[in-house]
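Scroll down for the structure; my scribbles are underneath it.
Taken together, the values in this text are just the output of simple stated rules run on the coordinates, not laboratory data. Keep in mind that what you see is a predicted model, and the values were worked out from it rather than measured. Here Cβ is always computed from backbone atoms with ideal geometry, including for glycine, and neighbour counts include all displayed protein chains.
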Amino acid sequence: MRGLLTGEMEGAEVVASPAILKRLETLTAVETIEPPKSLRAQLRPYQERGYAWLVKNLKLGLGSLIADDMGLGKTLQVIAALTYLKESGELAKEKALVVLPTTLITNWTRELAKFSPELTVGVYHGADRTLPAANVLPDVTLTSYGLLRRDAEVLGVDDLRETDFGPFEGKNHEELKSDPLYQRWLAGEMAVGEPAEDCARRGSRALGQLADDAAGRGYARIGVVSHGGLLMGMLTLHGRPSRERFYDWYPQNCGGYRAELCRDPLRLDILGTAGRVRA
């Protein structure tokens, strides 16, 4: 991507087709998007540009990185984008999680109340922290990096772990490509590590656990983040309409599926794709 943007990479010229360049121009162009009406602040021109860029990337499903210097209003730009999501009805569908250094939680609480009082705000922090049911979640929840990392184990599902690859564990393709055993495994001539059937079965247990937990918490939507092999195994067993082969469910990096999770019998009714995925 850097080579496409700059036209060179490590001293070599990068040449792209007109179609790719046009697509890149579309992605990098910043639209003019009016600041939210309920925002109680006057954005400066560079802040308006940053806010518009954030909103555009949100619509495209892309991430953003604002690297302005300290004191130039990065927090306000993000609050403006959150307020846009509130006014457009997006926060009624999916809520926002803001992850911060602990020392900034109080400041963010104050800034949100000052610049966007229409937003409802909750804080997931402290010894007695709890997450409310989905139907009463605030528009924005604030938490810290440390708590997110610490509670990941509590909030995680062990059965969603990566497949155990036995003697290949911890090695990449480059390290293994000349290994005869690895070549036989790629060709489907031998089994290594955790059998695919066992992996798919624990994925089924995870789906059942998630379905029960979501129902108990009143969640209408959940996100499941795991590894490709496990996801393909689960979908081979429970994805509907079914597909003939395991690899027919292959998701690219950062890609996946949107589905309705049904409990009895356990199945995933596919509604479409999410992120980068090969349909």
Rounded tilt (10° steps) of 105-115 against the dominant C-alpha axis of the chain: 50
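In percent, what relative contact order does segment 1-132 have, based on Cα pairs under 8 Å that are 6 or more apart in sequence?
Working: 81 pairs, mean separation 28.1, N = 132.
About 21 percent, as a whole number.
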Dipole-positive endmost among Gly122, Thr102, Pro36 within the chain (Cβ charges, Cα centre): Pro36
Restricting segment 1-103 to chymotrypsin sites (Phe, Trp or Tyr not before Pro) in coil, as DSSP defines it, with at most 16 other Cβ within 10 Å: none
Percent breakdown of C-alpha pair distances by 10 Å bin, ordered from the shortest bin, for the chain: 5, 20, 26, 26, 18, 5, 0
Between 0 and 90°, nearest 10: helix 145-155 axis offset from the chain longest Cα axis: 40
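State the extension gain, in nm to one decimal, for the chain segment bounded by Arg23 and Leu65, taking 0.36 nm per residue of separation less the distance between their alpha-carbons.
Numbers: separation 42, 0.36 × 42 = 15.12 nm, distance 2.02 nm.
So the extension gain works out to 13.1 nm.
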Above-threshold pairs, the threshold being 18 Å between Cα atoms, out of Lys74/Lys114; Lys22/Lys74; Lys59/Lys114; Lys37/Lys114; Lys59/Lys86; Lys56/Lys86: Lys22/Lys74; Lys59/Lys114
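From the alpha carbon gyration tensor of segment 175-275, can you work out the equivalent ellipsoid semi-axes (sqrt of 5 times each eigenvalue) and give them in Å, largest to smallest? Display every interim value, and only then the final one.
On the way: eigenvalues 166, 40, 32 Å².
For segment 175-275, the ellipsoid semi-axes come out as 29, 14, 13 Å.
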Estimated [θ] at 222 nm from DSSP helical runs (n ≥ 4, -39500 (n - 2.57)) normalised by residues in the chain, nearest 500: -12500 deg cm²/dmol
Share, in percent, of DSSP beta bridges within the chain that are antiparallel, nearest 5: 50
Using alpha-carbon coordinates, inclination of helix 74-87 to the longest axis of the chain, degrees: 80
Percent RCO, i.e. relative contact order, over the chain, from Cα pairs under 8 Å lying at least 6 residues apart: 11
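Relative contact order for segment 175-275: what is it in percent, counting Cα pairs under 8 Å that are at least 6 residues apart? Walk me through the numbers on the way to the answer.
Working: 88 pairs, mean separation 21.0, N = 101.
Relative contact order for segment 175-275 comes out at 21 percent.
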Taking Thr83, Thr75 and counting other C-beta atoms within 10 Å, the order from fewest to most: Thr75, Thr83
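So how do His173, His238, His227 line up by other beta-carbon neighbours within 10 Å, fewest first?
On the way: His173 9, His238 20, His227 15.
Going from least to most buried by this count: His173, His227, His238.
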